[in-house]
Amino acid sequence: MKVDHIFIFTDNHGKVADRLVEFGWVEGSSRIHAGQGTTNRKFYFENFFLEVLWVHNPEELLSPLTKPTGLWKRANHQDNNTSPFGLCLVNTEDTDALFVNAYTYQPIYFPSGLGLDVIQQDNNRDLPWTFRLPFKGQQKNVTEPIIHPNGIRVLTNTLFEYQSQTDNSFVDHFTNEQSIHFENSTRNWLTLTFDDGITGRTTHFTELQLTIIY
């Protein structure tokens, strides 16, 4: 399985993304998710993008359309000790078994009939809200900046730390994966390794619960 993108819910209107710019990343486009109540700042790489997400319209987030997704729980992660992360996997045949009982979310910013397959993790809120797009394969980026001053290019490993869980079935799907890992820990944390950690450097972003190895 491959990571398409990852989001991190924040509560300071995305200002924490300034730290990523200072770190040496060029910021890409942003968008408002119409009807969902969220907006973002994004950073693109050759095979992945990272999305800093926050709530701009609480009423939309708690609307009959969006509330069943459980995104509001992730937005309030600091109050309910829930993972702030969302993991979007590339829609390929090897993800079919994982999403066999998924919830279908039809956002209004996608055409009718093109919904997201979502694993809400209601019983495992320390694990990322996991989903895949309705489009098969990895979508090619032809307009976003992917050249960064610090030289980071390709995501090569993803590690989610989680504090507890009641059901192993989700994590078991990733047992044999080479680049996506889950580790029981004392915290909810994300570690992204780029370019196989070729420089030997590590940077921590506490506000994002994020470590970058490059």
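The values are calculated or read from the model by the stated rules, or taken from the named source; none is laboratory data. Remember, it's a predicted structure, so these values are computed and weren't measured experimentally. Methodologically, a virtual Cβ is constructed for each residue, glycine included, from the backbone with ideal geometry; neighbour enumeration extends over all protein chains shown.
Step by step: first the residues of the stretch 163-214, then only those that are in contact (Cβ under 8 Å) with a residue 12 or more places away in the chain and of a type in the set (D, E, K, R), then the one that is surrounded by the most Cβ atoms within 10 Å (Cβ to Cβ). Which residue is that?
Within the stretch 163-214, the match that is surrounded by the most Cβ atoms within 10 Å (Cβ to Cβ) is D195.
Considering only strands (runs of 3 or more DSSP E) fully contained in the stretch 1-75, which possess at least 1 residues that are in contact with an Asp or Glu (Cβ under 7 Å, 6 or more places away or on another chain) and polar (S, T, N, Q)?
Output list reads 38-45.
Would you call G115 more than 14 Å from the chain's Cα centre (by Cα) and either within 14 Å of F7 (Cβ to Cβ) or without any contact (Cβ under 8 Å) to a residue 24 or more places away in the chain (or both)?
So G115 passes the test.
Could you list all residues from the stretch 46-76 that are under 14 Å from the mean Cα position of the chain (by Cα) and either more than 25 Å from K2 (Cβ to Cβ) or aromatic (F, W, Y) (or both)?
Result: F48, F49, W54, A75.
Out of all the residues in the stretch 1-48, which are under 15 Å from I212 (Cα atoms) and touching a Gly at 6+ places or on another chain (Cβ under 7 Å)?
Result: I6, F7, F43, Y44.
With a cut-off of at least 3 residues that are within 29 Å of S29 (Cβ to Cβ), name the strands (runs of 3 or more DSSP E) lying wholly within the stretch 98-214.
103-105, 116-119, 129-136, 155-162, 189-194, 202-205, 210-213
Take the stretch 77-96 and flag every residue that is under 14 Å from V3 (Cα atoms) and of a type in the set (S, T, N, Q).
Those that are under 14 Å from V3 (Cα atoms) and of a type in the set (S, T, N, Q): N91, T92, T95.
Is it true that T202 is at pLDDT 95 or above, in contact with a Cys (Cβ under 9 Å, 6 or more places away or on another chain) and among the hydroxyl-bearing types (S, T, Y)?
no
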